[in-house]
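Remarks on the structure that follows.
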Amino acid sequence: MHLANMSLPDVPRVLYAKAPLEQVICQLRFPTILKINLETPVDFQERLRKQYPLFEQKSEVTIPQQLLQQLPPTITETLLKIDPINVYIFSSSDKNWMISLTRDFLSIQTSKYERWEDLKKHLEEPLKALIDIYNPVFFVRVGLRYQDIIRRSKLGQEKSPWSKLLQPYIAGALDSKLVANSIQEIGQQLIIQLDEFSAKVRIQHGLVQDEKGETCYLIDNDFFSENQTEVNNATAILDYFNQQNRLFFRWFITEQLHKAMGPKTIGDDAV
């Protein structure tokens with residue numbers, strides 16, 4: 001189903017005083033560049049060091065973890081040495097922003113997202129450094145993921161049922177007076193074709209428990225395009241994903257929840 005056929009209404013761009021965003025992740029995947037895995041990215045770090053002074057290196061494997069667990073320890077140890085993927089992590093001094101570089105992708109993630117303008121600014125130099133130093137021919141996947149967790153206790157909505165905060169087509173059984181108060185788990189996944197860039201969004205949503213045991217609602221929007229993309233065109237796709245996330249998020253929630261989060265309408269650089 002195409003977004004245009006759904007006729008999602010446009011809505012003003014806002015900043016929420018009580019934003020439910022937990023994490024935003026942007027990932028740009030490219031055909032494997034072996035040089036990144038074999039050499040410490042000294043030049044790349046020098047380009048980022050002022051903004052991302054903290055460095056960490058990890059090794060991952062392409063062998064499925066389930067298979068590794070079934071093998072004898074001696075064989076597992078040997079395989080880990082044969083098939084490592086180096087992950088180079090560059091973090092801001094407050095650790096709120098993190099850049100990851102591997103032989104297959106560049107990513108940025110943050111737990112302190114406020115507006116799209118900020119994330120684009122943080123991505124600008126790492127992306128330029130990737131292009132200048134490693135020259136990926138194109139991207140094979142462009143992705144942008146928003147993870148929101150709605151906590152009623154932080155919004156003064158403890159006594160509001162989910163049916164008052166989520167649209168009926170999202171709430172589903174939570175909108176039923178017969179069973180809503182007895183539901184302990186509920187979740188759903190949607191994959192929706194978008195109009196532009198042959199892109200899709202994978203939406204996972206449902207009840208989750210936070211670290212304090214509060215029952216919350218997760219809205220996880222993962223936008224992606226798996227077409228070959230010119231490296232200089234990735235930002236346009238990400239701009240589009242950001243816009244679509246705004247529309248989908250408002251499509252999920254009621255006016256009551258929208259107002260409870262303290263929206264402030266701002267200009268074109270908003271979320």
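Here the chain has an Rg and Dmax of 20.8, 62 Å, counting Cα atoms alone.
How far is helix 116-134 tilted off the main Cα axis of the chain, in degrees rounded to 10, range 0 to 90? Tilt of helix 116-134: around 20 degrees. For the chain, the longest principal axis of the C-alpha atoms and the axis of helix 73-82 are separated by about 70°.
Here the Karplus curve 6.51 cos²θ - 1.76 cosθ + 1.60, taken at θ = phi - 60°, turns the phi angles of segment 156-161 into couplings of x, 10, 4, 8, 8, x Hz, with x standing for Gly and Pro. The length gained on full extension between residue 43 and residue 195, counted as 0.36 nm times the residue separation minus their Cα-Cα distance, comes to 50.9 nm. How high is the FRET efficiency from residue 179 to residue 23, r the C-beta distance, R0 30 Å, rounded to 0.05? For residue 179 and residue 23, the calculated efficiency is 0.45.
No value in this document is a laboratory result; all are computed from the given coordinates. Quantities reported herein were computed from a predicted structural model and do not represent experimental measurements. Methodologically, a virtual Cβ is constructed for each residue, glycine included, from the backbone with ideal geometry; neighbour enumeration extends over all protein chains shown.
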